[in-house]
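One structure is given below, encoded as structure tokens.
The values are calculated or read from the model by the stated rules, or taken from the named source; none is laboratory data. If you're wondering where the values come from, they're calculated on a predicted model, not measured in any experiment. Here the Cβ positions follow ideal geometry from the backbone for every residue, glycine too, while neighbour counts run over all protein chains shown. To get the accessible areas, we keep the full protein, side chains included, count just its heavy atoms, and leave off ligands, DNA and RNA. Shrake-Rupley method; radii C 1.70, N 1.55, O 1.52, S 1.80 Å.
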Amino acid sequence: MSDNGINGNGANSNGVNGKVERVFTHPRLMALTEIEFELSATQYRAMGYPGIKQGEPLTAVLETAILFPDPTVESWFVVQKEPWPARLARVAPATYAFAGQIEAAEIGREEGAEIATLLVRCGDIPLRVTCAPGEDGRLPFGVWETRYLTGISHIYGVVEDDFATAVGQSIDLTIWSFRRLILTPGDAVFGQWYESDQLAPTPFPYDRIIVEGRLHRQKIWARQSEE
């Protein structure tokens, strides 16, 4: 039987031309955490259209769309007291199914209805989650710190935060690539995706930009060292 994977001693073995190639890495620093998020046209404008490329650092808060306590809608959430294992699983471009503990909560009211902004710890990735109420205008019981939340949502990167809420935690990452969905009316490749290693310093009012980044190694190490 060939050995393809990580051995208990931290050795990565791969068969090459009948030989076994062994690469040793520290078992707690074997891979960077990858994350995808959408960078909106509004955010890029707020950044001043800097032009960014592969290998450059970026600091951002990752946040969800508005989630509803209804699993029949596109973006939803559920809370409970009992723990769920931390999860962050990509299910579509910049879209994740996730679960984690609520570490901070800010609950307010908009037009008479409750709304919550939460910080949910999904392993190495902190997400800022916005929760909408049910049809009665109230949030589900348990939308506060120390409870657990799971759901699904598109993920957005906020580089220039308006600080409308005190809830949120930024992450430091390295840009890996960009994927662009062309939606400019009349464009010859309308509706098509293409990948590049840089984002031009120009507006993209119609197109959608997905950024793939890798969480800085030292941040992962610091998190693991606390466990």
Per 0.36 nm of contour for each residue apart, how much would the distance between Glu56 and Glu135 grow if the chain were fully extended, relative to their Cα-Cα spacing?
24.0 nm
Contour minus Cα-Cα distance for Thr146 and Arg45 (0.36 nm per residue):
32.7 nm
Sort Tyr194, Tyr148 from largest to smallest accessible area, using a 1.4 Å probe on the heavy atoms of the protein chains.
Tyr194, Tyr148
Rg/Rh (Cα only; Kirkwood hydrodynamic radius) as it applies to region 71-227:
1.00
Can you give the Rg to Rh ratio of region 82-143, both from alpha-carbon atoms, with Rh computed by the Kirkwood formula?
1.02
Sorted by packing (mean other beta-carbon atoms within 10 Å per residue), highest first, where do 195-204, 70-79, 111-120 land?
111-120, 70-79, 195-204
